[in-house]
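To start, the structure under review is shown below, and the notes come after it.
The values are calculated or read from the model by the stated rules, or taken from the named source; none is laboratory data. Because the structure is predicted, anything quoted here is derived from the model rather than measured. Cβ placement follows ideal geometry from the backbone for every residue including glycine, while neighbour counts extend to all protein chains displayed.
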Amino acid sequence: MASRTVASRLHGEKVAFGVICLLVLENRGPAELNEAIDFCIDLGLPTTLSDLGLKDVSAEDLARVGDLAMLPSNVIHSVPLNLTSQLVADCIWTASALAEQRKSGR
């Protein structure tokens, strides 16, 4: 993918990565996760933080994303799990790492 900042990404591109993160958050099985990752890769959608222009994102940055995600007005509260901001941040990191592994194995 061409290097662009996350701000310049289309909404659907961010959603594609968000779906992968949600699958990780919901602890979905490898087959379902890989299917989603492969689908996004095949369509040229971002599957990693690097694809979104966030190659050097820090743990502190992801912690802030987790904090923002947990604001009462956000849709994440429709997920039927006990969520924390740290869990959200960890799932973003994990989703990116799993997608990176998947891409390198193709």
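Of note:
Okay, residues lined up against (1) among the aromatic types (F, W, Y); (2) surrounded by 12 or more Cβ atoms within 10 Å (Cβ to Cβ); (3) more than 19 Å from L98 (Cα to Cα):
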{"residue": "E13", "(1), (2), (3)": "no, yes, no"}
{"residue": "R64", "(1), (2), (3)": "no, yes, yes"}
{"residue": "D67", "(1), (2), (3)": "no, yes, yes"}
{"residue": "L71", "(1), (2), (3)": "no, no, yes"}
{"residue": "P80", "(1), (2), (3)": "no, no, yes"}
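- Residue count for segment 94-106 satisfying the condition of being surrounded by fewer than 16 Cβ atoms within 10 Å (Cβ to Cβ) and not basic (K, R): 5.
- Segment 92-106, residues that are in contact with a Phe, Trp or Tyr (Cβ under 9 Å, 6 or more places away or on another chain) and not hydrophobic (A, V, I, L, M, F, W, C): S96
- Any hit, segment 33-54, residues being among the hydroxyl-bearing types (S, T, Y), outside any loop (DSSP other than H, G, I, E, B) and surrounded by 14 or more Cβ atoms within 10 Å (Cβ to Cβ): no
- Selected residue [free of Cβ contacts under 8 Å to residues at least 40 places away in the same chain and within 18 Å of L22 (Cα to Cα)] from G66, G105: G66
- Filtered by the rule that a residue be more than 25 Å from P80 (Cα to Cα) and touching a residue at least 12 places away in the same chain (Cβ under 8 Å), segment 8-39 gives S8, R9, D38.
- The one condition in (1) closer than 17 Å to Q101 by Cα; (2) of a type outside the set (G, A, S); (3) at pLDDT 95 or above that M1 fails to fulfil: (3)
- Residues that are part of a helix (DSSP H, G or I), closer than 15 Å to V24 by Cβ and not acidic (D, E) within segment 61-92 comprise L62, V65, G66, A69, I76, Q86, L87, V88, A89, C91, I92, listed in sequence order.
- Residue under evaluation D90, criteria (1) at pLDDT 95 or above; (2) surrounded by 19 or more Cβ atoms within 10 Å (Cβ to Cβ), criterion not met: (2)
The rows are residues; the columns are (1) of a type in the set (A, V, I, L, M); (2) modelled with pLDDT of 95 or more.
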residue	(1), (2)
G29	no, yes
A36	yes, yes
F39	no, yes
D56	no, no
N74	no, no
N82	no, no
A95	yes, yes
